[in-house]
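Structure first, then comments.
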Amino acid sequence: AAPLPMQYYGNISVGTPPQSFRVVFDTSSGSLVLPGSRCEDKACASHQRFLAEKSSTVMQIGWADEPTTPLANEDDRDTKSLSFLGADVSGEYMRDAVCVGAAAGRTCATIDLVALTEESEDPFGSLAFDGVLGLAPSSPDAGEFNFLNALAHSSPKAKRVFSVYLAPGGSGELTVGGYRKDRAAEPLVWAAVANQDSWRITVDDIAIAGQKAGICGKAGCEASVDTGASLIYTSSAMLWNLLNRLNIDDACVQPSPKIAFVVAGKHLELEMDDYVERDEAGCRVMIGNTANAEKSPALVLGYPFLRKFFAVFDADAGRVGFAPASHADPPRTATRTSPPCPSSASEPPARAP
């Protein structure tokens, strides 16, 4: 079998005239991060860089706490240092128009962004995408950095709602401003977010072969619904517990039980083929352990989960909806608009190395 995609990405445009970039749409972060024209590292040169000097609408921003104040020529400016894809990078603040979707139905907003001034060869040099557009409900610096918030202020009718559909074979669809009901094979199951700043929900428990395992305790497990995560992640202790219960042999030959994440009382089940990948090199379980960071959630629901379940993110109502994905009409074209919702969709994501 062909290897499953490790990353999904789509096109956005930035500036006037528009400059095109491939980005990962990431629900675990809340800002747009791109290589900038002042980055001369090899990793930046091998990707599309945002050429601020060629955009007539760009505004140079000096400080994150003054996100709409233009930088004067002689003013000092702050440098943003951040951990990006596991590496330390730095960049400068700017503000410009950002658009998602095809020209006929694109969704645009003016936001602040971070233009990187340095990137290390590892891991950035080999990536098939240029940057990341964060779709979390909030941003760490200011509201003006957040794409969803900017959309809400762009029109009285704008909705801070989007959906993610991953089709078999590696394509997919991001719909902004609403969602396509025909992507759901069943009615959506809604889960309230744990807080208004993230897409973290409560998983009541994990069930193995239809039986609750009692892994999450009485309070349940906090779970991040993460469109940038290539695996399902758990703590080391929970991973060990799960693998013992699944009892997967080295060759993945013997059938293993279904695993379900219990959300709002509903069992969202994965078959063995959903959480085990097979190829010529062998087989592997697509469940890993999270970093031992203090703020890490107990669970991260990444691509193995999102390939099975269509997900709707509703920041206005503070909830995430799930339903088994309907694959009756997978994306076939580079862009897609999804009526009747006033929304637009990215090009089908592609496979990254």
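The values are calculated or read from the model by the stated rules, or taken from the named source; none is laboratory data. Treat the numbers as computed from the prediction; the structure is a model and nothing was measured. Here Cβ is always computed from backbone atoms with ideal geometry, including for glycine, and neighbour counts include all displayed protein chains. Ligands, DNA and RNA are excluded from the accessible area calculation, which covers all protein heavy atoms including side chains. Shrake-Rupley method; radii C 1.70, N 1.55, O 1.52, S 1.80 Å.
Share of carbon and sulfur in the accessible area of the chain stands at 50%, probe radius 1.4 Å. Helix 236-246 versus the longest principal axis of the chain: what angle, 0 to 90°, nearest 10, using Cα atoms? Approximately 40 degrees, to the nearest ten. Residues in region 207-338 average 46 Å² of solvent-accessible surface per residue, probe 1.4 Å, ligands and nucleic acids excluded.
Only DSSP H runs of four or more residues enter the estimate; each adds -39500 (n - 2.57), and after division by the residues of the chain the mean residue ellipticity at 222 nm equals -2000 deg cm²/dmol. Using a probe of 1.4 angstrom and keeping all protein chains present, the accessible surface of region 147-198 works out to 46 square angstrom per residue. When you restrict to C-alpha pairs under 8 Å that are six or more residues apart and normalise by the size of region 45-126, the relative contact order lands at 25 percent.
For the chain, the number of Lys pairs with C-alpha atoms closer than 24 Å, counting only pairs eight or more positions apart or on separate chains, is 17.
A simple spin-label model places pseudo-atoms 7 Å from Cα toward Cβ; at residue 74 and residue 278 they are separated by 7.2 nm. When 74, 119 are compared by accessible surface with a 1.4 Å probe, the order from highest to lowest is 74, 119. Per residue, the average separation of C-alpha pairs within less than 8 Å and at least 6 apart gives the chain a relative contact order of 23 percent.
Residues within the reach of a label modelled at residue 289 (point 7 angstrom out along Cα to beta-carbon, backbone nitrogen below 15 Å), restricted to region 212-246, are 233-244. Within region 235-280, report the trypsin sites (Lys or Arg not before Pro) that DSSP leaves as loop and that have at most 15 other Cβ atoms within 10 Å. Listed in order of number, the matching sites amount to none. For the set 51, 301, the ranking by accessible area, highest first and with no ligand, DNA or RNA atoms included, is 51, 301 under a 1.4 Å probe.
For region 1-104, the gyration tensor built on C-alpha atoms gives a prolate shape. Its axis ratio a/c (a ≥ b ≥ c) is at least 1.5, and a/b is the larger of a/b and b/c.
What region 1-70 shows is 47 Å² of accessible area per residue, with the surface traced by a 1.4 Å probe over protein heavy atoms.
Taking every alpha-carbon pair under 8 Å whose residues sit at least 6 apart, region 81-194 reaches a relative contact order of 16 percent.
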